[in-house]
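A short write-up of the structure that comes next.
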Amino acid sequence: MRLHYTLGNNKSGQITVPEVSDKLHNQYSTYSPIPFDLSIPKISAVIITYNEEAIITKTLQKLWWCDEIIIIDSGSTDKTRKICEDLGCTVIYHLFEGFGEQKKYGVSKAKNDWILCIDADEVLTDELIEEIRNEISKDQLPYCGYTIPRNLVFMNKVFNHGKESNACITRLFNKKHGNWDGAVVHEKLILDGPVKRLKNKILHYSYNDYNQLLTKINLYSTLGAQKMYIKGTGKNKFLVTLAIPFNFLKYYFLDRNFLNGYRGFAWSVMNTFYHFIKYMKLSELKSH
């Protein structure tokens with residue numbers, strides 16, 4: 001695939017970027033990005049996957065501008081691997097050892113220093129793409145990472161309110177200055193230098209249906225219970241039971257999910273359930 005760049009006075013040249021498929025680039029050939037420049041640092045996109053066929057194409061379509069796309073798959077049984085391979089990604093199987101370790105492994109496979117490490121259900125907006133490329137094209141890059149505001153998309157509804165749509169996440173960073181921790185779940189990116197907040201948003205297409213939501217609640221509650229068991233933390237059953245109405249009130253009212261309509265109510269209920277079932281699983285682990 002050949003991407004065009006401009007070198008002053010409208011003189012044109014070409015740079016070959018074979019890692020990303022023509023199919024991926026051509027789907028967004030009508031979008032007019034800033035010109036490519038050889039001085040712009042190349043970016044490696046890193047994504048961990050497991051059965052993501054419902055969303056992965058939408059995610060990859062917004063990564064056509066990256067130098068390479070590394071997919072770390074933990075054994076998908078659907079069409080995830082084929083979709084990624086057909087779109088020119090490098091797909092590597094790696095046994096799932098936790099979210100933190102999985103992402104660290106993906107970063108180790110990237111050839112470039114600058115890493116865009118997003119989840120399989122996170123989709124960049126065109127405005128964010130342009131902002132990122134403008135930012136990294138600057139002569140001086142004093143930052144070792146960039147945080148990005150994220151909007152939750154729940155059951156195809158964009159949440160404009162609530163904690164999930166006001167948080168900033170670090171997704172773009174220089175691997176010379178840090179990497180992901182090894183947490184099994186709720187992993188964090190640890191960097192040793194300044195981080196800048198970008199203005200434009202990434203869309204988090206979290207769940208398309210309730211079966212998918214329940215599947216993820218089952219996974220995350222299991223991993224969360226295991227993490228607490230290893231650390232020796234937890235709550236007694238009385239406090240776990242008492243926390244049910246408080247968690248719901250927090251999610252629904254304090255986090256302002258009531259402004260997101262009925263889906264905001266459903267989101268609050270399911271998150272409350274997640275906390276309850278996590279502690280029930282911890283109780284099972286302790287009883288064995």
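Details
- Verdict on residue 123 being touching a Ser or Thr at 6+ places or on another chain (Cβ under 9 Å) and under 26 Å from residue 222 (Cβ atoms): no
- Test: residue in segment 254-267 that is modelled with pLDDT under 95 and surrounded by 17 or more Cβ atoms within 10 Å (Cβ to Cβ): no
- Taken residue by residue, segment 176-184 has no member that is over 29 Å from residue 97 (Cα atoms) and surrounded by fewer than 18 Cβ atoms within 10 Å (Cβ to Cβ).
- For residue 150, the test of being touching a Cys at 6+ places or on another chain (Cβ under 9 Å), in contact (Cβ under 8 Å) with a residue 40 or more places away in the chain and either buried (at least 19 other Cβ atoms within 10 Å of the Cβ) or assigned by TED's automatic domain parsing to the domain that holds residue 62 (or both) is passed.
- The helices (runs of 4 or more DSSP H) found entirely in segment 1-96 that carry 3 or more residues being surrounded by 15 or more Cβ atoms within 10 Å (Cβ to Cβ) and either modelled with pLDDT under 90 or out of contact with any Lys or Arg (no Cβ under 8 Å at 6 or more places or on another chain) (or both) are 56-61, 80-86.
- The one condition in (1) surrounded by 17 or more Cβ atoms within 10 Å (Cβ to Cβ); (2) part of a helix (DSSP H, G or I) that residue 127 fails to fulfil: (1)
- Evaluating residue 258 against the criteria (1) free of Cβ contacts under 8 Å to residues at least 12 places away in the same chain; (2) over 19 Å from residue 151 (Cβ atoms) leaves one unmet condition, (2).
The values are calculated or read from the model by the stated rules, or taken from the named source; none is laboratory data. What you are looking at is a predicted structure, and each value in this text was computed from that prediction instead of being measured. As a convention, Cβ positions derive from the backbone with ideal geometry for all residues, glycine included, and neighbour counts pool all protein chains shown.
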